[in-house]
Amino acid sequence: MIERIDGICYKNMIDYGVRNLEIHCDILNGLNVFPVPDGDTGTNLVMTVKNGLKAIEDEDIAPVAQKFARAIVFGARGNSGVISSQFFKGISEYFAKSDRVDIELFVCALEKGVKAAYEAVAVPSEGTILTVIREATQYVRDNLQKITSINSLVELFLEQARISLENTPDLLPVLKDAGVVDSGGAGIVFFFEGVKKYLDGEKLDVSGKAVKDNYVNSSDFNR
């Protein structure tokens, strides 16, 4: 179990998150109906976060976080890419305040990321990636006493993120009409699933693209 994050750990967390996004890129593109049904949410998210990853060369957490924060914003693509870039920028800027990130600092960083993401949108829409990151972060804060490691923190974040994602069609009629969940919110789930695999020492199956029915039951993504 990991109790603190250093620069190498953070870089690997991002790397696994990006690679899991890539595996599920086609699924995300297929879910993309809001705000514009142009089928590129997965592509935009992958390119946005990968751009930040490419900028990381250091091993200490402060410069790793600073460079990632700066690069991910400049490389943001699409609506979900812009929002997610602000979320990760907020997290990374908070990480840059310490040489090792513990549980409390991670929770504060998530909260800063949520605040930055909401501020990046003129008129925030609930039932989107914003709802997923806000509710997942609040759940982590509310259950802080249960968290004993970074592993369990990410597990709790994912637990609520999946629930929030399933509820997005109830908050955004266009999603319910299309029979899908929010694509940006799904991207956050896939990213943190990759992060969890790294923290838990699991390998990513990079043998091919994920197929929706092979990943979850149809009810998990469709209403």
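The values are calculated or read from the model by the stated rules, or taken from the named source; none is laboratory data. Just so you know, these numbers come straight off a predicted model, no measurement behind them. Reconstructed Cβ throughout: ideal geometry from the backbone, glycine too, with neighbour counts over all protein chains shown. All accessible areas refer to the heavy atoms of the entire protein, side chains included, with ligands and DNA or RNA removed. Shrake-Rupley method; radii C 1.70, N 1.55, O 1.52, S 1.80 Å.
Which residue, of Asp182, Asp170, Asp200, is among the acidic types (Asp, Glu), within 18 Å of Thr43 (Cβ to Cβ) and at pLDDT 90 or above?
Values: Asp170 fails: within 18 Å of Thr43 (Cβ to Cβ); Asp200 fails: within 18 Å of Thr43 (Cβ to Cβ).
It is Asp182.
In region 1-28, which residue that is in a helix (DSSP H, G or I) and in contact with a strand residue (DSSP E or B) (Cβ under 9 Å, 6 or more places away or on another chain) is surrounded by the fewest Cβ atoms within 10 Å (Cβ to Cβ)? It would help to see each step written out before you state the result.
Initially, region 1-28 is screened for residues in a helix (DSSP H, G or I), giving 7-23, 25-28.
When the remaining residues are screened for being in contact with a strand residue (DSSP E or B) (Cβ under 9 Å, 6 or more places away or on another chain), the result is 9-10, 13.
Numbers: Cys9: 18, Tyr10: 21, Met13: 22.
Among them, the one singled out is Cys9.
Going by the conditions given, is Val46 out of contact with any strand residue (DSSP E or B) (no Cβ under 9 Å at 6 or more places or on another chain), crowded, with 17+ Cβ neighbours inside 10 Å and at pLDDT 90 or above?
Criteria not met by Val46.
So which residues in region 57-70 are open to solvent by less than 60 Å² (accessible area, probe 1.4 Å) and modelled with pLDDT of 90 or more, if there are any at all?
Looking only at region 57-70, we keep the residues that are open to solvent by less than 60 Å² (accessible area, probe 1.4 Å), and these are 58, 61-65, 68-69.
Scanning region 57-70 gives Ile61, Ala62, Pro63, Val64, Ala65, Phe68.
Mind checking which residues of region 140-149 are surrounded by fewer than 22 Cβ atoms within 10 Å (Cβ to Cβ) and either of a type in the set (A, V, I, L, M) or within 15 Å of the chain's Cα centre (by Cα) (or both)?
Applying the first criterion (surrounded by fewer than 22 Cβ atoms within 10 Å (Cβ to Cβ)) to region 140-149 yields 141-149.
Hits for region 140-149 are Leu144, Ile147.
When you go through (1) open to solvent by 50 Å² or more (accessible area, probe 1.4 Å); (2) out of contact with any Phe, Trp or Tyr (no Cβ under 9 Å at 6 or more places or on another chain); (3) among the hydrophobic types (A, V, I, L, M, F, W, C); (4) farther than 19 Å from Gly42 by Cβ one by one for Ile163, which number turns out not to apply?
Result: Ile163 passes all but (2).
Any residue in region 1-19 that's under 14 Å from Thr48 (Cα atoms): show its pairings with residues that are assigned to a loop (DSSP other than H, G, I, E, B) and open to solvent by 70 Å² or more (accessible area, probe 1.4 Å) at Cβ separation under 8 Å, as long as the two are six or more apart or on different chains.
Arg19/Val206
So in region 173-188, with the set limited to residues that are touching a helix residue (DSSP H, G or I) at 6+ places or on another chain (Cβ under 9 Å) and open to solvent by 10 Å² or more (accessible area, probe 1.4 Å), which one is nearest to Lys50 (Cα to Cα)?
Going through region 173-188, the residues touching a helix residue (DSSP H, G or I) at 6+ places or on another chain (Cβ under 9 Å) turn out to be 175-188.
Adding the requirement that they be open to solvent by 10 Å² or more (accessible area, probe 1.4 Å) leaves 176-180.
On the way: Lys176: 31, Asp177: 32, Ala178: 29, Gly179: 29, Val180: 26 Å.
Residue satisfying both the conditions and the ranking: Val180.
For region 95-114, name all the residues that are farther than 18 Å from Leu144 by Cα and either free of Cβ contacts under 8 Å to residues at least 24 places away in the same chain or of a type in the set (D, E, K, R) (or both).
Of everything in region 95-114, those that are farther than 18 Å from Leu144 by Cα and either free of Cβ contacts under 8 Å to residues at least 24 places away in the same chain or of a type in the set (D, E, K, R) (or both) turn out to be Lys97, Asp99, Arg100.
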